[in-house]
Amino acid sequence: MAKKAFALRLDDKMLSALQRWADDEFRSVNGQIEYLLHEALRKAGRLNVKQQDVNQQDLNEQHRDGTATPATMAVTPETKGS
């Protein structure tokens, strides 16, 4: 799954709250935002089943094999298999 980079503007309070939440769950802020957006889309039925399954498999694999690091969870282009 290729990821696209984009700018996101947040006020200081929101960014601080996201940072604390991400720290509590051992994620980067980017990873936390990606997780929250994915869950919101899934709950709202906005992801098609195939895409939802692929995204969840990627997250599960990263968690299992220990590659779920800030670099792999950042909202930037991803290089698979490297």
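The values are calculated or read from the model by the stated rules, or taken from the named source; none is laboratory data. Small disclaimer: the values here were computed from a predicted structure and weren't measured. For neighbour counting, all protein chains shown are included, and Cβ atoms are generated from backbone atoms with ideal geometry for every residue, glycine included.
Flag: Thr72 matches the condition of being among the hydroxyl-bearing types (Ser, Thr, Tyr), outside any loop (DSSP other than H, G, I, E, B), at pLDDT below 70 and surrounded by 13 or more Cβ atoms within 10 Å (Cβ to Cβ). Scanning the stretch 1-47 for residues that are part of a helix (DSSP H, G or I) and more than 23 Å from Glu61 (Cα to Cα) yields Asp12, Lys13, Met14, Leu15, Ser16, Ala17, Leu18, Gln19, Arg20.
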